[in-house]
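Here's the structure we're looking at; comments come further down.
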Amino acid sequence: MEVKNVDHIGIAVKSIEKALPFYVDILNLTLLAIEEVESEKVKVAFLKIGDTKLELLEPTAPDSAVAAFIEKRGEGIHHVALGVDDIQGRIDELKEKGIRMIQDVPKIGAGGALVAFMHPKSTGGVLYELCEKTDAEVRE
């Protein structure tokens, strides 16, 4: 599996509104977009940091995976997203190599990207996301 880049780093926060001043006013990062991903029960904010992005993840429901993460571990780094081409091929390859996937087929994530997560029990405790973007998304 060839990884093109670290697309983004996901950071779980209780409130995007309360977290943004640190990233925008203190770190001087550019806010690219805020959107809600209903299927994941989160609101996300993307911030530009060099050639990658930070993704702030705020739970919108108490039963979301991000809410459970914050409850168990507190706010902080949630996942690392790896940019790939042919995400389904990558999923199949990882499964052949014994990696447990949370999704066996990609789903639509923030910004319309195709995404799938590897289970942290297969990756040394790190939640990795595979992320395939369209040409329009890559240019952002």
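The values are calculated or read from the model by the stated rules, or taken from the named source; none is laboratory data. The shown structure was predicted, so the numbers you read here are calculated from the model rather than taken from an experiment. When we count neighbours, we look across all protein chains shown, and the Cβ atoms used for this are built from the backbone with ideal geometry, even at glycine.
Against the condition under 23 Å from Lys43 (Cα atoms), without any contact (Cβ under 8 Å) to a residue 12 or more places away in the chain and not small (Gly, Ala, Ser), how does Pro120 come out, does it pass? Yes, satisfied.
Suppose the filter is modelled with pLDDT of 95 or more, within 19 Å of Leu114 (Cα to Cα) and not in a helix (DSSP H, G or I); does Ile77 pass it? Criteria not met by Ile77.
Residue-by-condition table, conditions (1) β-branched (Val, Ile, Thr); (2) out of contact with any helix residue (DSSP H, G or I) (no Cβ under 8 Å at 6 or more places or on another chain); (3) surrounded by fewer than 18 Cβ atoms within 10 Å (Cβ to Cβ):
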| site | (1), (2), (3) |
| --- | --- |
| Phe22 | no, yes, yes |
| Asp25 | no, yes, yes |
| Leu29 | no, no, no |
| Leu32 | no, yes, yes |
| Lys41 | no, no, yes |
| Val44 | yes, no, no |
| Gly50 | no, yes, yes |
| Glu55 | no, no, no |
| Pro62 | no, yes, yes |
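Checked against (1) closer than 16 Å to Glu2 by Cβ; (2) modelled with pLDDT of 95 or more, Val138 passes all but condition (2). Given the criteria among the hydrophobic types (A, V, I, L, M, F, W, C) and either touching a Leu at 6+ places or on another chain (Cβ under 9 Å) or closer than 29 Å to Val24 by Cα (or both), does Val105 qualify? Criteria not met by Val105. Taken over segment 4-52, the criterion of being within 12 Å of the chain's Cα centre (by Cα) and either small (Gly, Ala, Ser) or farther than 29 Å from Asp85 by Cα (or both) is satisfied by Gly10, Ala12, Ala45. Looking only at residues in segment 36-64 that are among the small types (Gly, Ala, Ser), outside any strand (DSSP E or B) and modelled with pLDDT of 95 or more, the one that is nearest to Ile9 (Cα to Cα) is Ser64. The number of residues in segment 4-35 that are within 21 Å of Glu71 (Cβ to Cβ), of a type outside the set (A, V, I, L, M) and outside any helix (DSSP H, G or I) comes to 3. Among the criteria (1) touching a helix residue (DSSP H, G or I) at 6+ places or on another chain (Cβ under 8 Å); (2) aliphatic (A, V, I, L, M); (3) loosely packed, with under 15 Cβ neighbours inside 10 Å, the one Val37 does not fulfil is (3).
The one condition from (1) buried (at least 20 other Cβ atoms within 10 Å of the Cβ); (2) out of contact with any helix residue (DSSP H, G or I) (no Cβ under 6 Å at 6 or more places or on another chain) that Gly76 does not meet is (1). When Ala110 is tested against (1) surrounded by fewer than 20 Cβ atoms within 10 Å (Cβ to Cβ); (2) closer than 18 Å to Val44 by Cβ, just one condition goes unmet, and that condition is (1).
Screening Ala12, Ala68 for residues that are within 23 Å of Thr123 (Cα to Cα), in contact with an Asp or Glu (Cβ under 8 Å, 6 or more places away or on another chain) and among the aliphatic types (A, V, I, L, M) leaves exactly one candidate, Ala12.
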